[in-house]
Amino acid sequence: MDYVTQIIDPPPSQPQLLLDGLRALRKPKLDGAPELPKARLVRSAVELSATGIAAYGRACGFRHEQGVPLAYPQVLAFPSHLMLLTRPSFPYPASGMVHLANRIRQHQRLHAGQALRLEVYCERWVAHPKGQALSIATRAYGADTLLWESDSLYLRRDVKNPVGEPWADVLPLQEEGLLRTQRWVLPADVGRRFAKVSGDFNPIHTSLIGAKLFGFRRAIAHGMWTLGRALAAEQPPGGLDQAQAHCDFKLPIFLPGQVALWRRPVSGPRREFEVRNFAGDKPHMRGLFIWNERLK
Amino acid sequence: MNDYSFNPAPTRRVAIIGGNRIPFARSNTVYAHDSNQDLLVAALQGLVDRYNLHGQRLGEFAAGAVIKHSRDFNLARESLLSTTLSAQTPAYDLQQACGTGLEAALLVANKIALGQIDVGIAGGADTTSDAPIGLNEALRHTLLAANRAKAMGDKVKALLKVRPSMFFKPLLPRNGEPRTGLSMGEHCEEMAKRWQIKRLAQDELTLSSHQRLDAAYQRGFFDDLISPYRGLARDNNLRADTSLEKLASLSPAYDRQNGTLTAGNSTPLTDGASVVLLASEAWAAEHGWPVLAYLRTGETAAVNFVDGSEGLLMAPAYAVPRMLKREGLGFADFDFFEIHEAFAAQVLCTLKAWEDADYCRERLGLDAPLGTIDRAKMNVNGGSLGCGHPFAATGGRQLAALAKAIHERGGGRGLISICAAGGLGITAIVEK
């Protein structure tokens, strides 16, 4: 597909993003197959700032010695994601897009102070049993080298006859030997604190009333926060050279609340984990994290 | 030409002269208004009185507390200044979670063994009644920012960020592992499941702990190990009349559906303090005190519980075989086993691990299982389940009681094993 590269400078302000979000609450009914937006949104030099990393780290539970958190660049790309989803040419309302899964690969060590060229574009449609899914690609380059990439799968529910390849990419997990290894007590302001570092002020994460407006009984934790919190628990000290993380989001985590990190005992630089309720019978997120092994 | 030469210090035996503790009290009971320092002073002064150490300058006093106020930065020294020991006795604090008391004794003993000092006191105190409640973190950061600001305007600007809600959400001490957020009981429940430790076995161990502690009191075993304090002469957690039926009636405390750990077979939060007098044989002879036993050696270990590959309280399982191998000893060479009972389940997990051939081979690197511990030799004068567990005071309690038991027997050898938060384990050998 031919993409139209659009340089984003300066990045959109918070009010502008909110306004775009409001405008994109309603979209005309779609006739026929949806068309993939052709825009490739590029920010040519986004700094991995030490203060930004520290603030993200505090919100997710990272410690300084863990280096640049694996999922942090995605936070920097978030405004671009929102710009894509709120464009008039995007066929569905942005507010109805559910984050289903995320895949991240880091090819080289990232450093505070480094500038990244961030490219965000809609990559492909995916036919999901529950509706139309879309994969948004995020690519981070240093000079001309791909350093970090992420694919985010969003779902528009209840679309009949979705287009694209069928969705089959589900993380397996053996139930046997699953251990509860951590308890997370989540205060009501988890969503607001993550919004301040991610710039995603989606009301379903930040306010009780906002969440109710969109049909949730309480505010829910941001998926990328849940992934960040889990990676903070799993990431070894000393930073990452190469790494990948996959996660599938399941039931929402209501705030305030309490959940637990469950893990299957495996040796080596590999973690298979699931965030569940404390009793262990309700899954919230399943994850796989592999680090410092040559990526295939 | 380098004329530097290193002469290794001769090592000498370290005598345990005696110990003293105050009766242990369940949290928020008789010692509710005492600080760590109050408790430590009471235990230390009792030892000074018993061994007539008034006005003496000792080599050192090493002690600590696990739950500490920031003002307690010099707890050992401040406590010492409140006793009749010479104020010229140096002191220092240390902290190794529940291993604090025993680690303090190992440090003092090592200095005696190397000839750096002739006599010293090791100890520990803990209160969870007088627990430190911190300022709200946001308020604390705001006040620090105001303190850093130079200009008055900046100070006021920083202080304007104070919100009323900050005053009603204090920072409370947590009874949980910082890296997992799970309480120690929840960690131990997980261990009990992994090792399939039955509820009945836990309750039986608990009952025996209470009964043996009561019997030891009855025969006057603690008469020269305890100084009464605030009208308390015995540990008030001791339930001489408890029974398997009573213990069986308690509901699980940490996992209400499938758990086996209860308030009965787990140690309660406890206030108390203990100290031990250690010296060279020459010092003991010079002052006319009999040697109860010698502190031969110690070994510490740690396990990775964070990734779930090992149980939080399993480190002693690793420390003991390492120490035995180094000293060329086996379980058969011991007459006493003083195993700290944080939870009955944790003791039983450790005993089972030492009997398990696969575990001993794969985890401990042993050709054969370490062996079975004869229960008749284990915690013969009661354990933490009976008397309670003021974190830093447990090591001193065990060391003094074991030394006395060996002395009463006319000789023998005993093993001390303590599990601690953070996946730590502290062990020692005492003999005569």
(request) Set the Förster radius R0 to 60 Å, insert the Cβ-Cβ distance between residue B:172 and residue A:161 as r into 1/(1 + (r/R0)^6), and round the FRET efficiency to 0.05. (result) 0.60
(request) Could you work out, residue by residue across B:307-313, how many beta carbons of other chains sit within 10 Å of that residue's beta carbon, and then give the average as an integer? (result) 4
(request) At 20 Å minimum axial length over the Cα atoms and a Kyte-Doolittle cut of -0.5, report the qualifying DSSP H helices in chain A, or say none. (result) A:72-86
(request) Give the residue from B:76, B:248, A:231 lying farthest towards the positive end of the charge dipole for the protein assembly as shown; charges sit on Cβ (+1 for Lys and Arg, -1 for Asp and Glu) and the dipole is referred to the Cα centre. (result) A:231
(request) Give the value in nm², to one decimal: projected area of the alpha carbon convex hull of the protein assembly as shown, averaged over all directions. (result) 40.6
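Got a sec? How would B:83, A:145 order by Cβ neighbour count within 10 Å, fewest to most? Kindly include the intermediate steps, with their values, before the conclusion.
Values: B:83 23, A:145 9.
Ranking B:83, A:145 by Cβ neighbours within 10 Å, fewest first, gives A:145, B:83.
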(request) Amide H neighbours of residue A:157 under 5 Å, at least 5 residues apart or on other chains, H built in the peptide plane: list them. (result) A:98
(message) Report D for segment A:190-296 in µm² per second (integer): Stokes-Einstein, Kirkwood Rh on Cα pairs, 37 °C, 0.692 mPa s.
(response) 221
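Restricting attention to segment B:1-105, which chymotrypsin sites (Phe, Trp or Tyr not before Pro) occupy a DSSP loop and are surrounded by at most 13 other Cβ atoms within 10 Å? Please report the intermediate quantities before stating the final value.
Details: sites: B:4, B:6, B:24, B:31, B:51, B:61, B:73, B:92; in loops: B:4, B:6, B:24, B:31, B:51, B:73.
Loop-located and lightly packed - B:4, B:6, B:73.
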(message) Can you give me the distance in nm between label points at residue B:140 and residue B:367, each placed 7 Å from the Cα along the Cα-to-Cβ direction?
(response) 5.3
(request) Beyond 23 Å, what share of the Cα-Cα pairs of segment B:128-284 is found? Please give it as a whole percent. (result) 64
(request) In whole Å, largest first, what are the principal axis extents of the Cα atoms in segment B:344-385? (result) 33, 17, 10
(request) Return the sequence-ordered ³J(HN,Hα) values of segment B:12-26 in whole Hz as given by the Karplus equation 6.51 cos²θ - 1.76 cosθ + 1.60 applied to θ = phi - 60°, using x for Gly and Pro. (result) 9, 6, 10, 8, 8, 7, x, x, 8, 9, 8, x, 7, 10, 4
(request) Can you tell me how much longer the chain between residue B:289 and residue B:196 gets when fully stretched, taken as 0.36 nm per residue apart minus their C-alpha distance, in nm with one decimal? (result) 28.8 nm
(message) Can you tell me the length gained on complete extension of the stretch residue B:160 to residue B:13, counting 0.36 nm per residue apart and subtracting the Cα distance?
(response) 46.7 nm
(message) If I build a Gaussian network model for chain B, linking alpha-carbon pairs within less than 10 angstrom, which residue out of B:282, B:104, B:62 has the largest mean-square fluctuation?
(response) B:282
(request) Over the whole of A:176-184, what's the average partner chain Cβ count within 10 Å per residue? Rounded to a whole number, please. (result) 5
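With the cut-off at 1.5 for a/c, could you classify chain A from its C-alpha gyration tensor as rounded, prolate or oblate? Each step should come with its number before you reach the end.
Working: a/c = 1.38, a/b = 1.17, b/c = 1.18.
Rounded shape, in that the Cα axes give a/c under 1.5.
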(request) Quick one: net charge around residue B:306, please, counting Lys, Arg +1 and Asp, Glu -1 for every other residue with C-beta under 9 Å from its C-beta. (result) -1
(request) Determine the shape class of segment A:31-146: with a ≥ b ≥ c the square roots of the Cα gyration tensor eigenvalues, call it rounded for a/c under 1.5, and otherwise prolate if a/b is greater than b/c, oblate otherwise. (result) prolate
(request) Between residue A:26 and residue B:92, with labels modelled 7 Å along Cα→Cβ, what's the label distance in nm to one decimal, could you check? (result) 7.5
(request) Show which aspartates and glutamates lie in cross-link reach of residue A:160 when reach means a straight Cα distance below 14 angstrom and same-chain residues fewer than eight apart are skipped. (result) A:31
(message) Helix-only estimate, please: 222 nm mean residue ellipticity of the protein assembly as shown, summing -39500 (n - 2.57) across DSSP H runs of length 4 or more and dividing by its residues, to the nearest 500.
(response) -9000 deg cm²/dmol
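What does the structure give for B:180-190 when I average, per residue, the other chain Cβ atoms found within 10 Å of the residue Cβ?
On the way: counts 8, 10, 7, 1, 0, 0, 4, 2, 0, 1, 3.
Across B:180-190, the average partner-chain Cβ count within 10 Å equals 3.
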(message) I need the fraction of alpha carbon pairs in segment B:1-99 separated by more than 23 Å, rounded to a whole percent.
(response) 38
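Among B:34-45, A:155-166, A:60-71, how do they line up from the highest to the lowest mean number of other beta-carbon atoms within 10 Å?
B:34-45, A:60-71, A:155-166
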(request) State the answer as a single residue: which of B:416, B:291, A:203 lies farthest towards the positive end of the charge dipole of the protein assembly as shown, with beta carbon charges of +1 for Lys and Arg and -1 for Asp and Glu, about the Cα centre. (result) A:203
(message) Rounded to whole Å, give me the distance from the Cα center of segment A:227-264 to that of segment A:147-185.
(response) 13
(message) Can you compute the charge dipole magnitude of the protein assembly as shown about its Cα centre, using +1 on each Lys and Arg Cβ and -1 on each Asp and Glu Cβ, nothing else charged? Give it in debye, rounded to the nearest 20.
(response) 2600
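Have a look at the DSSP beta bridges in chain B and tell me what percent are antiparallel, nearest 5.
Working: 40 of 56 bridges.
Expressed as a percentage, antiparallel bridges in chain B total about 70.
Under the √(5λ) rule applied to the eigenvalues of the Cα gyration tensor, what semi-axes describe the equivalent ellipsoid of chain B? Give them in Å, descending.
Working: eigenvalues 225, 180, 109 Å².
Semi-axes (√(5λ), whole Å): 34, 30, 23.
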(request) Enumerate the amide H contacts of residue A:251 below 5 Å, restricted to partners 5 or more residues apart or on another chain; note that Pro and chain-start residues carry no placed amide H. (result) A:284
(message) Are there DSSP H segments in chain B that both extend 20 Å or more along their axis (alpha-carbon positions) and score a mean Kyte-Doolittle hydropathy of at least -0.5? List them, or say none.
(response) B:36-50, B:394-409
(message) When a/c reaches 1.5 or more, the comparison of a/b and b/c decides; with that in mind, is segment B:321-432 rounded, prolate or oblate per its Cα gyration tensor?
(response) oblate
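Quick note: the coordinates plus some simple rules give every number you see, no bench work behind them. Bear in mind the structure is a predicted one, so any value in this text is a computation, not a measurement. A quick note on method: Cβ atoms are made from the backbone with ideal geometry, for glycine too, and the neighbour counts reach across all protein chains shown.
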